[in-house]
Amino acid sequence: MSSYAARRHAVDTERRGDARHLVDFPARFCTISAERRGHLANVSPQGARMEFRGDEPPPKNVSGMLMFEDIEVFCKVVWSNCDACGLIFERPLPAKALGIAVSETPTSSGPVARAINIPLGRKRGRLVTGG
């Protein structure tokens with residue numbers, strides 16, 4: 001299965017109630033004994049994925065506080081691997097907090113390709129005309 005097919009399959013079998021927004025936003029995960037710095041990779045009102053660049057992620061079932069900007073959200077780690085973890089929030093993330101994470105993330109420039117604008121059956125080199 002190709003990488004695209006695997007991602008498409010994951011989207012098709014999505015079980016989350018809320019869509020996740022892709023972000024890249026600095027955040028901290030604090031427990032009683034430690035503070036870990038990382039980046040939110042995606043976020044929804046119910047949970048988030050946090051990636052750690054250098055710090056080890058917290059283990060599964062650890063509770064703590066997710067902090068970014070002036071937002072503090074109590075959450076629990078539901079899964080953890082070598083460089084990231086999944087968080088579930090005790091209460092849904094307020095719209096203000098979700099808006100901060102999503103709006104502060106840089107977006108790619110340029111329009112999104114539309115399938116109707118892609119010529120089928122022709123190689124790209126044939127579309128370019130010499131001058």
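Search the stretch 12-27 for residues that are under 11 Å from residue 48 (Cα atoms) and open to solvent by 90 Å² or more (accessible area, probe 1.4 Å) and pair each with any residue that is of a type in the set (S, T, N, Q) and modelled with pLDDT of 80 or more when their beta-carbon atoms are under 8 Å apart and the residues are at least 6 apart or on different chains. Pairs that qualify, where the first residue is under 11 Å from residue 48 (Cα atoms) and open to solvent by 90 Å² or more (accessible area, probe 1.4 Å) and the partner is of a type in the set (S, T, N, Q) and modelled with pLDDT of 80 or more, are 22/42. Meeting the requirement of 2 or more residues that are over 23 Å from residue 19 (Cα atoms) and at pLDDT below 95, the strands (runs of 3 or more DSSP E) wholly within the stretch 29-131 are 35-43. Across the stretch 30-68, the number of residues qualifying as under 25 Å from residue 102 (Cβ atoms), out of contact with any Gly (no Cβ under 6 Å at 6 or more places or on another chain) and of a type in the set (Lys, Arg) comes to 3.
The values are calculated or read from the model by the stated rules, or taken from the named source; none is laboratory data. Treat the numbers as computed from the prediction; the structure is a model and nothing was measured. So basically every Cβ, Gly included, is an ideal-geometry build from the backbone, and we count neighbours across all protein chains shown. All accessible areas refer to the heavy atoms of the entire protein, side chains included, with ligands and DNA or RNA removed. Shrake-Rupley method; radii C 1.70, N 1.55, O 1.52, S 1.80 Å.
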